[in-house]
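Chemist: For reference, the structure I am asking about is given below.
The values are calculated or read from the model by the stated rules, or taken from the named source; none is laboratory data. Please read these numbers as outputs of a predicted model, since none were measured by experiment. No Cβ is skipped: glycine too gets one built from the backbone with ideal geometry, and neighbour counts run over all protein chains shown. To get the accessible areas, we keep the full protein, side chains included, count just its heavy atoms, and leave off ligands, DNA and RNA. Shrake-Rupley method; radii C 1.70, N 1.55, O 1.52, S 1.80 Å.
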Amino acid sequence: MNCIVVDDEPLAREAIVGLISQVPELEFVKEFSSADAAAKYLETEHVDIIFLDIQMPGTDGISFAQTIPQKTMVIFTTAYSQYALESYEIDALDYLIKPVKPERFQRAVAKAMSYKKLLETDTYVVDVNDIQENYFFIRADRKVFKVLFNDILFIQGLKDYVVLFTTDQKVITAMNIKTIQARLPLNIFIRTSKSYIINKHKISSFDNNTVYIDQHEIPIGNSYHAAFFEDFVNKKLFSK
């Protein structure tokens, strides 16, 4: 996967370029000190991943990320943790806090590789059909599979796709998250951000900003915060 680095700090760019050089699957092609310069480059060149700072002179990283091509993945690299929720609201693939540790960088790259493989592998692109009482059917690899709602841990929106994380697999469909949300029962599923729908019954714990399902951490977006806590705190679902 080819990638660019966008950061106004030379030392920060150098650090990310150094991490990229340690990953054989990544090809570093260019670095930019501003989002505006990177935007001009993207007008003529395809990029798989952008490692993007948030606070920069001129156009900030959040605003720039909202304008990039749909198939380009964004991994934010920033010294400020307070932008994490906002980054997931615009479909960022990951959010790395500076100084970025090599193992954390590797996890972000692994996630990017996984999504790229899913998007390019036809057998994982599925169609959702025929909603029944406690399951629906999905079409994949010239077969139709029955998926129980109870087996779904959560659903993540990624650009024009959604990824269903179940108890034993991940499948992807060329469908936006709003469309699949309309096909799910509200007594089981709830939207927690622009990019995530969770199975209420799979929640291990939650705090003010995050839902935990097994080893997964799922953000609670500002626009969905009130509805989530109305459902889980005021209705006392965990008191039984």
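Chemist: So which residues in the stretch 187-204 are polar (S, T, N, Q) and open to solvent by 20 Å² or more (accessible area, probe 1.4 Å)?
Modeler: Once the filter is applied, which keeps residues that are polar (S, T, N, Q) and open to solvent by 20 Å² or more (accessible area, probe 1.4 Å), the stretch 187-204 yields ASN187, SER204.
Chemist: Check the stretch 172-189 and report whether any residue there is hydroxyl-bearing (Ser, Thr, Tyr), under 18 Å from the mean Cα position of the chain (by Cα) and at pLDDT 90 or above.
Modeler: No, the stretch 172-189 contains no residue that is hydroxyl-bearing (Ser, Thr, Tyr), under 18 Å from the mean Cα position of the chain (by Cα) and at pLDDT 90 or above.
Chemist: Would you check if THR167 is at pLDDT 85 or above and hydroxyl-bearing (Ser, Thr, Tyr)?
Modeler: Yes; evaluated as a whole, the condition is true for this residue.
Chemist: Just to be sure I understand, how many residues within the stretch 205-222 are surrounded by 12 or more Cβ atoms within 10 Å (Cβ to Cβ), modelled with pLDDT under 90 and among the polar types (S, T, N, Q)?
Modeler: 2
Chemist: Let me ask another. Do any residues in the stretch 9-22 that are more than 17 Å from TYR80 (Cα to Cα) and at pLDDT 95 or above have Cβ atoms under 9 Å from those of residues that are in a loop (DSSP other than H, G, I, E, B) and of a type in the set (Val, Ile, Thr), where the two are at least six apart or on different chains, and which pairs are they?
Modeler: Qualifying pairs under 9 Å: LEU19/VAL100.
Chemist: Would you mention how many residues in the stretch 135-159 are modelled with pLDDT of 80 or more, open to solvent by 60 Å² or more (accessible area, probe 1.4 Å) and either touching a Lys or Arg at 6+ places or on another chain (Cβ under 8 Å) or of a type in the set (Val, Ile, Thr) (or both)?
Modeler: 0
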